[in-house]
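Here is the structure we will look at, set down as structure tokens.
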Amino acid sequence: MTQVTYRIVEHDGGWAYKLGDSFSETFPNHDAARAAALRASREQRAPDATAYIEYETKGGEWVTEKADGNDRPETSVEG
């Protein structure tokens, strides 16, 4: 199973949570950023409907895949 970790960091004059190279919006304090990261973390674990998704590869090929709505990552928040 995939592990996803949200990290609380100082960002743009306030605080944000970060996932990979992406930042959330800026929050005025650490506690607000942590609360938002915890909400996002819970939502990421929630099961959803199974659906088919389509995307284009870098080589220009279109791919169709079945996305299992029950295949959710484990999540955590650091900071």
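The values are calculated or read from the model by the stated rules, or taken from the named source; none is laboratory data. Predicted model only: the values in this text are computed from it and were never measured. Every residue, glycine among them, receives a Cβ derived from its backbone with ideal geometry; neighbour counts consider all protein chains shown. These area figures cover heavy atoms from the full protein model, side chains too; ligands, DNA and RNA do not enter into them. Shrake-Rupley method; radii C 1.70, N 1.55, O 1.52, S 1.80 Å.
Is it the case that the stretch 12-26 has a residue that's in contact (Cβ under 8 Å) with a residue 24 or more places away in the chain, under 18 Å from the mean Cα position of the chain (by Cα) and part of a strand (DSSP E or B)? Checked the stretch 12-26: at least one residue is in contact (Cβ under 8 Å) with a residue 24 or more places away in the chain, under 18 Å from the mean Cα position of the chain (by Cα) and part of a strand (DSSP E or B). Checking each residue in the stretch 6-32 for being surrounded by 16 or more Cβ atoms within 10 Å (Cβ to Cβ) and farther than 13 Å from residue 77 by Cβ picks out 11, 27. Under the condition of being in contact (Cβ under 8 Å) with a residue 60 or more places away in the chain and of a type outside the set (D, E, K, R), the residues counted in the stretch 39-78 number 4.
Given the structure, is residue 2 open to solvent by less than 60 Å² (accessible area, probe 1.4 Å) and not hydrophobic (A, V, I, L, M, F, W, C)? Spell out how you get there, then give the answer.
Working: open to solvent by less than 60 Å² (accessible area, probe 1.4 Å): no; not hydrophobic (A, V, I, L, M, F, W, C): yes.
Judged against the criteria, residue 2 is not a match.
Quick check on the stretch 33-79: of everything there that is within 17 Å of residue 5 (Cα to Cα) and of a type in the set (A, V, I, L, M, F, W, C), which residue is surrounded by the fewest Cβ atoms within 10 Å (Cβ to Cβ)? By that ranking, first place goes to 46.
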